[in-house]
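K.L.:
The structure follows.
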Amino acid sequence: MYFRILAKDHVSTFVEGLAHVYEVFAPVKNESGFSFEQVSDGSSIVLDYPMTIIPPKKYFVRSKESLFRYDTHSGDVVESELEVTPRVLFGVHACDINALLMTDKVFLGDYEDPYYKARREHTLIVGVSCMPVLTCMCDTWGTGEVQQGCDLFLTDLGDRYFVTCHSVEGAHVLDTFADTHEATAEDTKALEEHLRAFREAFSRPVDATSLQLLFDAKYNDELWEEIGEACLSCGACSAVCPTCYCFDVNDELDADGNAGARVRCWDSCMNSQFAEVAGGHDFRPTRASRVRYRFYHKFWSYPARYGKTLCVGCGRCDVACKVNINPRRIIGALQEGARS
């Protein structure tokens, strides 16, 4: 593996060099918080951010996209042209990188999604380290560090970054656009100290042992009715979640009714019509049933198929939910009920 040291005052030059060849998207501060936006000026980015409002999944699974257009009279169908330009996501947290690896299993698994695949193949990912905030629980799932899934990873050592190269292309752009030098034994020691400090910074541990067995036993628990009573069914939790991938497909007619487009857009299992089928039957008509479904998908069905919990502990749902529905609360309440 290839290791380099990048001084913090050289990051702007690195980003601006990348922007001459790639579209570069990086975290910037705005009125609402932090979000990934296209940048060309390296001084505008913020790498010590707590979390972005929306995860970088939006660059791979679009919130809305046209799949094809059709003519209602002739029946002609024209596929939408997939325009993908080389780009760099700069400053992605480890939890979001791990979330993309989980999403890969869905969109690049048995049935490859050509839209997702093309965007993944044309995107370089530069990760950056962080320190946990109160809502973080990536320590529970082991998603606070990465071994794969990015091209470069920058670990903050104070006045410099320890850069780990995970791909040949990552090493190439680093050597081409960044002024770096070899990592010394002192740098390696500082890296180890940072990792130790990161692991010790979590103050609210979550016990996730035997979680699938717990969910097996608690399917009919009264907790779901209690939580469902509070849930607003707003879908904010899934909108900000880096591992939620559900979508709907709709036909949108033009105003004249002569043509239209088939459109794919984000959907949420928290929406009241999500499980409604032809004839009007709804498999999950209550808020309690929808809340339960969401958590069982995260902590039971996805792990049963892929061997990993569909949560990376980023804490976005904790922040977004106005009625305090989040994994930490749900798991704790189920465990408390199991002990009583």
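The values are calculated or read from the model by the stated rules, or taken from the named source; none is laboratory data. None of the values given here were measured: they were computed from a predicted structure. For neighbour counting, all protein chains shown are included, and Cβ atoms are generated from backbone atoms with ideal geometry for every residue, glycine included. Please note that ligands, DNA and RNA were not included when accessible areas were found on the heavy atoms of the full protein model with its side chains. Shrake-Rupley method; radii C 1.70, N 1.55, O 1.52, S 1.80 Å.
K.L.:
Pairs 8/105; 58/189; 117/218; 64/298; 57/218; 189/308: which are spaced more than 28 Å apart, C-alpha to C-alpha?
P.N.:
Violating the 28 Å Cα-Cα cut-off are 8/105; 58/189; 117/218; 57/218; 189/308.
K.L.:
Which of 34, 177, 283 ends up with the largest GNM mean-square fluctuation for the chain, with Cα atoms connected below 10 Å?
P.N.:
Result for the chain, Cα springs under 10 Å: 283 fluctuates most.
K.L.:
In whole percent, and with a 1.4 Å probe on the protein chains, what portion of the accessible area of the range 99-177 is carbon and sulfur?
P.N.:
Reported share for carbon and sulfur atoms: 52 percent.
K.L.:
Over the chain, with a Gaussian network built from C-alpha contacts below 10 Å, which listed residue (208, 99, 304) shows the highest mean-square fluctuation?
P.N.:
The residue with the greatest mean-square fluctuation here is 304.
K.L.:
Determine the gain in length on full extension of the stretch residue 2-residue 197; use 0.36 nm per residue of separation and subtract their C-alpha separation, reporting nm with one decimal.
P.N.:
Computed gain between residue 2 and residue 197 is 67.8 nm.
K.L.:
Let me ask you something else. Where does the chain land at 222 nm, in deg cm²/dmol rounded to the nearest 500, when only DSSP H runs of n ≥ 4 count, each adding -39500 (n - 2.57), divided by all residues?
P.N.:
After summing the helix terms and dividing by the residues of the chain, the value is -9500 deg cm²/dmol.
K.L.:
Given a Förster distance of 51 Å, report the FRET efficiency between residue 210 and residue 21 from their Cβ-Cβ distance, rounded to the nearest 0.05.
P.N.:
0.55
K.L.:
Can you run phi through the Karplus equation (6.51, -1.76, 1.60; θ = phi - 60°) for the range 108-121 and list ³J(HN,Hα) in whole Hz, with x for Gly and Pro?
P.N.:
Rounded to whole hertz, the list is 10, x, 4, 10, 6, 8, x, 5, 4, 4, 4, 5, 5, 5.
K.L.:
Next question, about the same structure. Could you point to the residue in 283, 73, 2 farthest towards the positive end of the chain's charge dipole, with +1 and -1 charges on the Cβ of Lys/Arg and Asp/Glu respectively?
P.N.:
283
K.L.:
Which entry is the computed Cα extents along the principal axes in Å for this structure: [x] 105, 71, 34; [y] 66, 66, 39; [z] 56, 41, 35?
P.N.:
[y]
K.L.:
Comparing 254, 282, 96, which has the greatest mean-square fluctuation in the GNM of the chain with Cα pairs linked when under 10 Å apart?
P.N.:
254
K.L.:
Determine, for each peptide in 190-198, 20-28, the mean count of other beta carbons within 10 angstrom over its residues, then list the peptides with the highest first.
P.N.:
Order by mean packing, descending: 20-28, 190-198.
K.L.:
Rolling a 1.4 Å sphere over the protein heavy atoms, what is the accessible area per residue of the chain, to the nearest Å²?
P.N.:
For the chain, the per-residue accessible area is 50 Å².
K.L.:
Still on this model: Between residue 275 and residue 322, what FRET efficiency comes out of the Förster formula 1/(1 + (r/R0)^6) with R0 = 25 Å and r the beta carbon distance, rounded to 0.05?
P.N.:
0.60
K.L.:
Tally up the carbon and sulfur contribution to the accessible surface of the range 290-340 as a whole percent, 1.4 Å probe, everything protein left in place.
P.N.:
Summing carbon and sulfur atoms, their accessible area is 53 percent of the total for the range 290-340.
K.L.:
If you don't mind, there's one more thing I want to ask. Ranked highest first by the average count of other Cβ atoms within 10 Å around their residues, in what order do 269-279, 293-303 fall?
P.N.:
293-303, 269-279
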